[in-house]
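First comes the structure, then the notes that go with it.
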């Protein structure tokens, strides 16, 4: 070996060594370092490949409709826009292997109160309850079907929703009157209260039936309808549910 | 075998392996039936619809393997409470904590709402600019991705993001962020947060398309983006955005 090196001049060996180092460095950079670390395009492709190959956990509610009848019930109710997996959790595995893995069935109150607890930050009109006073300790599913949520029965009394009005009316001179004396309530108002509203008296002669001078009603305060209050409707000055002296 | 021949052959073999490896890598990176240049994704968020249930946060963590602790988020929901004395409180809500505890008397609240937040997938992303190793980049379909293999965990991008959308994943020690669920959207599915949102507060779609829920959202609402003065041009747009939202 020693003889082999001595056959070349010293400088040539050094140049050779440097050359070898150079070549191995090139080879190292070229072949050992993965191309995705050097080439921008390769790097982007490798990352996209890695991201897209991740496993999906939420299957999407279209998949549920293939097997589950409840989907058809749900799509007509208030929860129609809710994805199944919002409540039942990620179900991709279940959709691929229906018998072995089952998604969760939330039956506790906490599952519903997550969305339906009263919170002043929630948008007005979103159905909210106070879980402390609303049938405490009773699971929501005993009264409400989560796939078609509704009040358990159509309220019979107006005061079920209009409790505040009912309370003021109870101490007002109008206590004897039924709500329906002045308001016509369409049946649909009990189902979709915000879309279909109860009527309110639209003219002065309605109040005049009891309160005008020529009305047959006894013991009611009477005014001359033609002059009193000019152009205004009665309830613009007198709130009929409130106890009033004047 | 002669030494010289051995070295020669092994060099040739090494070169062949390198070339083959390159070809293999290139072939794997091709995604079937998906052309990223035909898409450009964006999201619309209707603040008036958000009920702050935190289902999106939960789903995001489940889908993307984000650590469960409440300070690692790809998407999160902020609760804004603006009080009558002009004090503003912002909390990131934690769906796991029972929110019966209320720190504010309701009569002190002037207005209050929830703001879902996530990576804005900016047109001019500051996080991409600052990355010293080029680990984060914008894809052809407009999503900002992070290459976890290239990321050195220096946290520059976390500092640079004006929306606080990035976090350092404690398991991989690399920066992580919302990818619009890139593995889902490239398969035609919705991002997990959009899928589970019970009130459709989040709308996902193609920014360029003329007929889509996102296009309708942009047509029907007064929309705004977060911190427009920074000229990041976010692709996440908000409707009903309050001036107090930062």
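The values are calculated or read from the model by the stated rules, or taken from the named source; none is laboratory data. This is a predicted model, so every value here is computed, not measured. Don't worry about glycine lacking a Cβ; one is built from the backbone with ideal geometry, like all the others, and counts go over all protein chains shown.
Among the candidates A:219, A:195, which residue alone is loosely packed, with under 15 Cβ neighbours inside 10 Å, part of a loop (DSSP other than H, G, I, E, B), without any contact (Cβ under 8 Å) to a residue 12 or more places away in the chain and within 37 Å of the chain's Cα centre (by Cα)?
A:195
Report whether or not residue B:79 is more than 21 Å from the chain's Cα centre (by Cα) and modelled with pLDDT under 95.
Values: more than 21 Å from the chain's Cα centre (by Cα): no; modelled with pLDDT under 95: yes.
Criteria not met by residue B:79.
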Item to check | Whichever residue in segment B:178-193 is crowded, with 24+ Cβ neighbours inside 10 Å and more than 7 Å from chain A (Cβ to nearest Cβ) and, among such residues, is farthest from residue A:56 (Cα to Cα) | outcome: B:178
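Surrounded by fewer than 19 Cβ atoms within 10 Å (Cβ to Cβ), farther than 30 Å from residue B:242 by Cβ, touching a strand residue (DSSP E or B) at 6+ places or on another chain (Cβ under 8 Å) and at pLDDT below 95: does that describe residue B:148? Lay out the reasoning, then the answer.
Working: surrounded by fewer than 19 Cβ atoms within 10 Å (Cβ to Cβ): yes; farther than 30 Å from residue B:242 by Cβ: yes; touching a strand residue (DSSP E or B) at 6+ places or on another chain (Cβ under 8 Å): yes; at pLDDT below 95: yes.
Considered against the rule, which asks whether it is surrounded by fewer than 19 Cβ atoms within 10 Å (Cβ to Cβ), farther than 30 Å from residue B:242 by Cβ, touching a strand residue (DSSP E or B) at 6+ places or on another chain (Cβ under 8 Å) and at pLDDT below 95, residue B:148 comes out as yes.
Buried (at least 17 other Cβ atoms within 10 Å of the Cβ) and within 27 Å of residue A:89 (Cα to Cα): is that true of residue B:198 in this structure? Step through it out loud before you land on a result.
Numbers: buried (at least 17 other Cβ atoms within 10 Å of the Cβ): yes; within 27 Å of residue A:89 (Cα to Cα): yes.
So residue B:198 fits the description; yes.
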Item to check | Count - residues of segment B:144-164 that are more than 9 Å from every other protein chain (Cβ to nearest Cβ) and under 18 Å from residue A:47 (Cα atoms) | outcome: 5
Checklist entry - Quick check: is even one residue across segment B:203-217 within 14 Å of chain A (Cβ to nearest Cβ), closer than 21 Å to residue B:77 by Cα and touching a helix residue (DSSP H, G or I) at 6+ places or on another chain (Cβ under 8 Å)? => result yes
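Matching residues to (1) under 23 Å from the mean Cα position of the chain (by Cα); (2) at negative phi; (3) surrounded by 13 or more Cβ atoms within 10 Å (Cβ to Cβ); (4) at pLDDT below 80:
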{"residue": "A:113", "(1), (2), (3), (4)": "yes, yes, yes, no"}
{"residue": "A:142", "(1), (2), (3), (4)": "yes, yes, no, no"}
{"residue": "A:151", "(1), (2), (3), (4)": "yes, yes, yes, yes"}
{"residue": "A:165", "(1), (2), (3), (4)": "no, yes, yes, no"}
{"residue": "A:178", "(1), (2), (3), (4)": "no, yes, no, no"}
Item to check | Cross-chain or 6+ apart pairs with Cβ under 9 Å, segment B:134-149 first and not assigned by TED's automatic domain parsing to the domain that holds residue B:165, then at pLDDT 90 or above | outcome: none
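With the condition being surrounded by 15 or more Cβ atoms within 10 Å (Cβ to Cβ) and either over 22 Å from the mean Cα position of the chain (by Cα) or facing another protein chain (nearest Cβ under 9 Å) (or both), I'd like the helices (runs of 4 or more DSSP H) fully within segment A:35-91 carrying at least 3 qualifying residues. Show your work before the answer.
On the way: elements: A:40-52, A:61-65, A:70-74, A:84-88.
By residue number, A:40-52, A:84-88.
Go through segment B:65-84 and count every residue that is buried (at least 21 other Cβ atoms within 10 Å of the Cβ) and closer than 21 Å to residue A:92 by Cβ.
Number of matching residues: 2.
Condition test on residue B:218, is it part of a loop (DSSP other than H, G, I, E, B) and assigned by TED's automatic domain parsing to the domain that holds residue B:42? It would help to see each step written out before you state the result.
Numbers: part of a loop (DSSP other than H, G, I, E, B): no; assigned by TED's automatic domain parsing to the domain that holds residue B:42: yes.
Here the answer is no, as residue B:218 does not meet what is asked.
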Checklist entry - Restricting the search to segment A:198-216, which residues are surrounded by 14 or more Cβ atoms within 10 Å (Cβ to Cβ) and part of a loop (DSSP other than H, G, I, E, B)? => result A:198, A:201, A:215
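Look at residue B:68 and say whether it is within 18 Å of residue B:243 (Cβ to Cβ) and either modelled with pLDDT of 85 or more or more than 10 Å from chain A (Cβ to nearest Cβ) (or both). Working first, answer last.
Details: within 18 Å of residue B:243 (Cβ to Cβ): no; either modelled with pLDDT of 85 or more or more than 10 Å from chain A (Cβ to nearest Cβ) (or both): yes.
No, not satisfied.
Please verify whether residue A:29 is closer than 28 Å to residue B:55 by Cβ, more than 8 Å from chain B (Cβ to nearest Cβ) and part of a helix (DSSP H, G or I), treating the condition exactly as stated. So that I can check it myself, show each step before the final result.
Working: closer than 28 Å to residue B:55 by Cβ: no; more than 8 Å from chain B (Cβ to nearest Cβ): yes; part of a helix (DSSP H, G or I): yes.
No: the conditions fail for residue A:29.
Any residue that is within 26 Å of residue B:50 (Cα to Cα) and within 10 Å of chain B (Cβ to nearest Cβ) - is there at least one of those in segment A:94-106?
Here is the first cut: in segment A:94-106, the ones within 26 Å of residue B:50 (Cα to Cα) are A:103-106.
So of that shortlist, the ones also within 10 Å of chain B (Cβ to nearest Cβ) come out as none.
No: zero hits.
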Item to check | Of residues in segment A:102-111 being over 17 Å from the mean Cα position of the chain (by Cα) and under 19 Å from residue A:71 (Cβ atoms), the one surrounded by the most Cβ atoms within 10 Å (Cβ to Cβ) | outcome: A:103
Checklist outcome for this item: Reported set for segment B:41-59 where residues are facing another protein chain (nearest Cβ under 10 Å) and within 13 Å of the chain's Cα centre (by Cα) is B:56
Checklist outcome for this item: Filter segment B:165-177 for residues that are touching a residue at least 40 places away in the same chain (Cβ under 8 Å) and surrounded by fewer than 18 Cβ atoms within 10 Å (Cβ to Cβ); the one that is nearest to the other protein chains (Cβ to nearest Cβ) is B:171
